[in-house]
Amino acid sequence: MKKNLITILSVFLFLYATVLVGQDVGSVMWDDDFSDDDAVAFYDVGWFYYGESDGLVGAVVEQRDGHLYFKQGSFTIIGAVLAGTNGVPALEVDENGDPTEKTREDLLANDFSSPNQEGTFQVNFKSLTTSWFLAATRMIQDDDHIDSDPTETPSYLVYISPLEKNVALAKVPEVQYAMLDPTGYQWLGNMAQYPFELDVLYWVKWYLYEGVYKVKVWEGDLSDEPDAWLIEAEDPEPRVTGNYTYFALLNPNPAGTDEIFIDNVTLREVTGGSAVADRPTIPMTLALEQNYPNPFNPSTEISYTIAQEADVRLEVYNQAGRLVEQLVQSRQNAGHYRVIWNGRDAAGAMQPSGIYYARLSADNSTKSVKMVLMK
């Protein structure tokens, strides 16, 4: 009886410790301190922002003095400025400053973000009238594969109204104007108060894992972070998709010209796990996962893991054994990678329906999976 009691107690303590520890905050997926001389903010981390081609007139987003500077323009019935990224660096643009086809492919193949995340950044509300500020995440990539459309895509928001000194968490459904219209927000948790002042740098941190959503705000150094979260909430029906993060400053006055600075943005992945059963940080085998979706039309994602630094090739062959496309040929560090095949060959020609094979080679090891393109 005593032995059984000890066993039951041990199991209880194990489960209790696992619940307490919860999830692990992993390594940095992407960050940007805006310290380079890239005024358009494309090349270190590729920031996309709304402009005149999107109907937003007069808005300014640019790197200035080691910050990302925002100034509102006029967007239909509101004043607005918006910029976002999924963390992909080294973007290529053409002579008109537009993203090239390679950039579009890179945005799909080399996504540096995750729906489960911890985000940290600094914000300075430089000059405000009646604006509210948003840090939006889990935004879904749009059909042209460049960025995410804040007028359409659902998202999760950190909402800050500095003049009213309010902070809140919200979920935005897939509705018209989406994050631009607060009347459509689903508020999560209780609104909190924070004593914001203008022209002061504040740190903001959010934590988002499945449906658990938290935020904290503080002034001073990063090391001054408080232990307590300002708001802790949970979405009973979480949407765990979407990899874009946007910052926005919105104003009910379409002639608004409010200004803010963003700085020291860092996004880390949050994964399941506990201190009781630590996950290995280095993968132990070469693995090529089944592509998803499968069958597919026209694109599919291929994921793989390499155990150590290696010369890696990822190629697509047709059923006759002919090389169709080489997706990867580079020296890569140990880790997990995701690549998109768009159903085209190296010349850009769309391939017919049929069976194809993804083959992964790393040094002397090879793996392959069968894929079905179905139109």
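Bear in mind that the values in this text are calculations on the coordinates, not laboratory data. The shown structure was predicted, so the numbers you read here are calculated from the model rather than taken from an experiment. Here the Cβ is made from the backbone with ideal geometry for all residues, glycine too, and neighbour counts use every protein chain on show.
Could you work out how much longer the chain between E152 and D221 gets when fully extended? Use 0.36 nm per residue separation minus the Cα distance between them, nm to one decimal. Don't skip to the end; give the middle numbers.
Working: separation 69, 0.36 × 69 = 24.84 nm, distance 3.60 nm.
Working it through step by step, the gained length comes to 21.2 nm.
Dividing the Cα convex hull volume of segment 287-373 by residue count, how many Å³ per residue is that? Don't skip to the answer; put the middle values down first.
Working: hull volume 6.9 nm³, N = 87.
So the per-residue hull volume is 79 Å³.
Shape call for segment 208-254 from the C-alpha gyration tensor, a ≥ b ≥ c root eigenvalues: rounded (a/c under 1.5), prolate (a/b greater than b/c) or oblate? Numbers along the way, then the final one.
On the way: a/c = 1.95, a/b = 1.06, b/c = 1.83.
Oblate.
Less than 14 Å Cβ to Cβ from A228, Lys/Arg counted +1 and Asp/Glu -1: what total charge do the surrounding residues give?
On the way: positive: K205, K214, K216; negative: D224, E225, D227, E232.
Residues near A228 contribute -1 overall.
If all Cα-Cα distances of segment 129-237 are sorted into 5 Å bins from 0 onward, what percent lands in each bin, rounded to whole numbers?
Bins of 5 Å from zero give 2, 12, 21, 22, 20, 13, 8, 2, 0 percent of pairs.
Under a point-charge model restricted to the Cβ atoms of Lys and Arg (+1) and Asp and Glu (-1), what is the dipole moment magnitude of segment 287-373 relative to its Cα centre, in debye to the nearest 20?
Working: 8 positive and 8 negative charges, 32 e Å.
Here segment 287-373 has a charge dipole of around 160 debye.
Compute and list, largest first, the equivalent-ellipsoid semi-axes of segment 22-271 from the alpha carbon gyration tensor, each √(5λ) rounded to a whole angstrom.
24, 21, 19
Which GluC sites (Glu not before Pro) in segment 130-214 sit in a loop by DSSP (not H, G, I, E or B) and have at most 10 other Cβ atoms within 10 Å of their own Cβ? Don't skip to the answer; put the middle values down first.
On the way: sites: E152, E164, E174, E197, E210; in loops: E152, E164, E174, E197, E210.
Here the sparse-neighbourhood loop sites are E197.
Anything over 22 Å Cα to Cα? Flag those among K71/K171; K171/K214; K165/K214; K71/K216, in the order listed.
On the way: K71/K171 25 Å; K171/K214 13 Å; K165/K214 18 Å; K71/K216 25 Å.
The pairs that break the limit, which is 22 Å between Cα atoms, are K71/K171; K71/K216.
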